[in-house]
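Heads up: the structure comes next, in structure tokens.
Read the figures in this text as sums done on the coordinates, not as results from a lab. In this text, all values refer to a predicted model and were calculated from it rather than measured experimentally. Every residue, glycine as well, gets a Cβ built from its backbone with ideal geometry; the counts of neighbours run over all protein chains shown.
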Amino acid sequence: MRRPLTPLFLIAVLLACLAAPAEARYSRKKAIWGPTQVDGVSQFPIYRDLGVGIYQFALGWDQVAPTRPRRPGDPRDAAYRWPEEVDFAIREGRRHGIRVSLMLTLAPRWANGGRSSEWAPRRPSDFAAFARAASRRYPRVRLWQIWGEPSRQRNFKPLPRFEATGPRRYARILDAAYSSLKRRSRRNLVIGGNTFTTGDVSPRQFIRSMRLPGGRPPRMDLYGHNPFTAREPALRKGPLGHGYADFSDLDTLAGWIDRNLGRVRGRRIRLFLGEFTLPTDHPNHEFNFWVDREVQARWLKAALRITRRWSRIYALGWIGLYDDPPREDGLEVNRGLLTHTGERKPAYNVFLRG
Amino acid sequence: MLPVAWIVIGTVAAPAATPVRGLSDDLAFTDSRPGPRALAFREARRAGARIVRITLDWSLVAPAGPVKPPGFDAADPADPGYRWGYVEDAVRDAARRRLRIVLLIVRAPAWAEGPNRPADAPPGSWLPDPTELGAFVRAAARRFSGFFPDPKTPGDGLTEAGGSLPRVRFWQIWDHPNGGATLQPADAAIEHYRRMLDSASRAVKRVAGENTVVAGATPRAGGIPALVFWRRLLSAPARFDVAAYSGAPSTSHGLGNLAPLRALRGVLEPRKPVWLTDLGWATPPQDPRGVTPDRQARLLTEALFRADRAGAEVVVWNGLQDRTSHLPGFPSIASGLFFNSADDLARDPAKPALGVFRFPFLARRDRPGVRAWGIAPRPRGRVSVERRVASRWRRVRFVRASRSGEFVAKVRRGRGRIYRARQGSAVSLPWRSN
């Protein structure tokens, strides 16, 4: 039989809660994109200050393997050029208690028939071999994102609009990578999908169309989605329509995943919100919306609250730490928690307390 | 206490596949007046239809003219050369009534036909270019993928909720390809149709793997008899998911046209689902030489029963309401479930066939008793089978309808040969057993 809580105990809890927001809150659910160093100074102390649990980094296959490796599964193959920045990030992350997540993306010309890097590799096994080499090169990394926003033609081709062609192609790549990464270590977590709010193929159609030649969906541990939004995050809000899904539609997105992608070891697939930001101050060249800094802080607070309370969300990744440097046309994206000169925006403290 | 005659003899399990009832009526479903069009779909749903077939006339939607317009991208659903309006209106209204949609693609535009069309060949029938057909089908399947922004909803899907055009899963490629009229020349029809199916199937499957390609709608007779057509078509690989057989009566007032339906199942290897389409017997006054409305109702009952026994998954009746057509390519309808005296579906009287369509039921002698069969309006609900004795209806047994609404029951013979079924307030038409 449960004992009733005493009033004294309740007061103590209340006081503890009131005191908490003043401090940085570490959370393994908080992820971030940003530079590893600025002017030779590690940025990881800032990430630690923000209470970040996961540091995210993109590893371009086209850059790492510009020529075909003779032994593609071996990270010591002479063709591979592993960036030192990743070693630095892993080292610094270890020092500050921050895990590193790697996004494997973009194909070299030798793998996709001599096309530009957004074109998918002809053979999923080539990508799988690269994933195997990367996981051997970085054994401490456990979180692997497979491609970034493959629902956008700028990032992934072939991707005819309103068709299943692209998602099917992606599914084969994802499943091959899953097999390869899991063979290396069962502790590796593979993040698939990695769609975003809209897309040339909407998230809903993408999820529905991700099918292997035999008809089954590809394997993954987490579903990645970038829920950019021009609305204040609140799950009670109605869906955007068109098969789109912003932050407020994450419950709807979870339903699509359940219906189409099944479960992982009997559990529903959790959401890895790989990228999220709210650009501030003025119009920019990347998003068709912007908000002022106070709104950025308020909406981020709402997003972090949902992330914290909903166990279905594995992590929320903020992109990025700094605003972009100014451009001549004035359309730089002020997406950061800090201005490009390093001043804190209101959202910094919100993220810190998140 | 129930009399002995009402004792249940036993139930017979209903077969797994019960035909889903569908309706086709281009005059009603593509009516340019929004009110009557919406009413038509409402009445279709109330009549028990769960599928509607709508004609997507390629020659009406694509640009006209003998030459393909320069810059026209036939595979792009948003190309300004396309005029999807009437199809979108129909699809939108059908989806609003939760009706599944079959789009029937027919008639090539002049620029997509083969060269030197004879004067006696109907427009759109002469060697339609399979590649161009594939591009058109791809555009249509993308347009109705369920994700294409609906031009009639204002939201952009970013700051304001936006609506998409409904999804269409079923795509019928041509109609009566063996009939000798819609696909010419007849002597090359089978090989040409195979190429058309191949191209169209690849196109719709690119959009969604679950999309279903319906082939044929072959009438029994015509340029090439239906079974001959299917045997030859299947002598080499042909890409389709469903074989449709047209039950359209020719000169016959009976059920003779349905005879090959069961045989068709044997021809299809590997086994594919069969649909029965174009079912419909004309009645007066629209067709003075047609069968009586009572006869039409009885034929419909028999046809549904035969389709069920033959394993047809879908039965499409041709005609919601009688109407005279003035549109080329859209024939008049005399086999409607409603008469047309006021040109208003809300006020026009129903034919007896409407009752059959909604609640088909028949009772047949099956020694030593009678076997009753029907499809109840409410799946899994209880159905009572009644017999008329001395001008009163008496319940002879209860049976529970299957998940699809179908029920089969054996009852002991007794006085009276007229039976009916009842489910709540829904009552089937009486049926005189043999």
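If you average the alpha carbon positions of the stretch B:52-114 and of the stretch A:318-342, how far apart do those two centres end up, in angstrom?
After rounding, the separation between the Cα centres reads 47 Å.
Can you give the net charge of the other residues whose Cβ lies under 10 Å from the Cβ of residue B:341, counting K and R as +1 and D and E as -1?
Numbers: positive: B:347; negative: B:322, B:343, B:344, B:348.
Net charge in that neighbourhood comes out at -3.
Just check chain B against the gyration tensor rule for me: Cα atoms, a ≥ b ≥ c as the square roots of the eigenvalues, rounded for a/c under 1.5, and otherwise prolate or oblate depending on whether a/b exceeds b/c. The partial results should precede the final answer.
Numbers: a/c = 1.97, a/b = 1.67, b/c = 1.18.
Because a/c hits 1.5 or more and a/b exceeds b/c, chain B counts as prolate.
Mark the label point 7 Å from the Cα of residue A:74 along Cα→Cβ and return the residues of the stretch A:110-129 whose backbone N is within less than 17 Å of it.
Label zone hits: A:129.
Tell me, in nm to one decimal, what length is gained between residue B:412 and residue B:302 on full extension, where the rule is 0.36 nm per residue of separation less the Cα-Cα distance? If you can, show how the numbers build up before the last one.
Values: separation 110, 0.36 × 110 = 39.60 nm, distance 2.18 nm.
Computed gain between residue B:412 and residue B:302 is 37.4 nm.
Listed highest first by mean packing, meaning other Cβ atoms within 10 Å per residue, what order do A:32-38, B:315-321 come in? Don't jump to the answer; show the numbers that get you there.
Working: A:32-38: 18.1, B:315-321: 27.0.
Packing order, densest peptide first, comes out as B:315-321, A:32-38.
Relative to the first principal axis of the alpha-carbon coordinates of chain A, what is the inclination of helix A:7-19, with its axis defined by its Cα atoms, in degrees from 0 to 90 and to the nearest 10?
The angle comes out at about 60 degrees.
Suppose we keep just the DSSP beta bridges with both residues in the protein assembly as shown; what percent of those would be antiparallel, to 5? Please list the in-between numbers first.
Numbers: 40 of 113 bridges.
That works out to approximately 35 percent antiparallel.
Excluding same-chain residues fewer than 8 positions from residue A:301, which lysines have a Cα within less than 26 Å of its Cα?
Partners found: A:29, A:30, A:237, A:345.
Which value at 222 nm does chain A reach when only helices count, each DSSP H run of 4 or more adding -39,500 (n - 2.57), with the total divided by all residues and rounded to the nearest 500 deg cm²/dmol?
Numbers: 10 runs with 114 residues, N = 354.
Mean residue ellipticity at 222 nm (helix-derived): -10000 deg cm²/dmol.
Take every residue in peptide A:158-168, count the Cβ atoms of other chains within 10 Å of its Cβ, and give the average of those counts.
Numbers: counts 0, 0, 6, 7, 16, 11, 8, 3, 0, 0, 2.
Mean shielding count: 5.
Taking the alpha-carbon distance from residue B:410 and a cut-off under 19 Å, which aspartates and glutamates remain once sequence neighbours fewer than 8 residues away in the same chain are dropped?
Candidates past the 8-residue exclusion: B:302, B:308, B:366, B:386.
Quick one: check the C-alpha center-to-center distance for the stretch A:55-80 versus the stretch A:175-189, whole angstrom.
Going from one Cα centre to the other spans 17 Å.
Let me know the mean shielding of B:137-149 by other chains, meaning the per-residue number of their Cβ atoms within 10 Å of its Cβ.
Values: counts 0, 3, 1, 0, 2, 4, 1, 1, 10, 7, 14, 4, 2.
Mean partner-chain Cβ count within 10 Å for B:137-149: 4.
Determine, from the Cβ-Cβ distance of residue A:122 and residue B:159 and an R0 of 56 Å, the FRET efficiency 1/(1 + (r/R0)^6), rounded to the nearest 0.05. All intermediate terms of the calculation are to be shown ahead of the outcome.
Working: r = 40 Å, r/R0 = 0.71.
Efficiency, rounded to the nearest 0.05: 0.90.
With just the Cα atoms defining each centre, how far is the stretch A:268-310 from the stretch B:268-290? Give it in Å.
57 Å
Could you work out, residue by residue across B:153-164, how many beta carbons of other chains sit within 10 Å of that residue's beta carbon, and then give the average as an integer?
Values: counts 2, 0, 3, 7, 10, 13, 7, 4, 7, 6, 2, 8.
The mean count of partner-chain Cβ atoms within 10 Å per residue comes to 6.
Show me the ranking of peptides B:419-428, B:132-141 by mean Cβ neighbours inside 10 Å, starting with the highest. Intermediate results must be reported in sequence, preceding the final value.
Numbers: B:419-428: 18.5, B:132-141: 24.3.
Most protected by this proxy first, the peptides run B:132-141, B:419-428.
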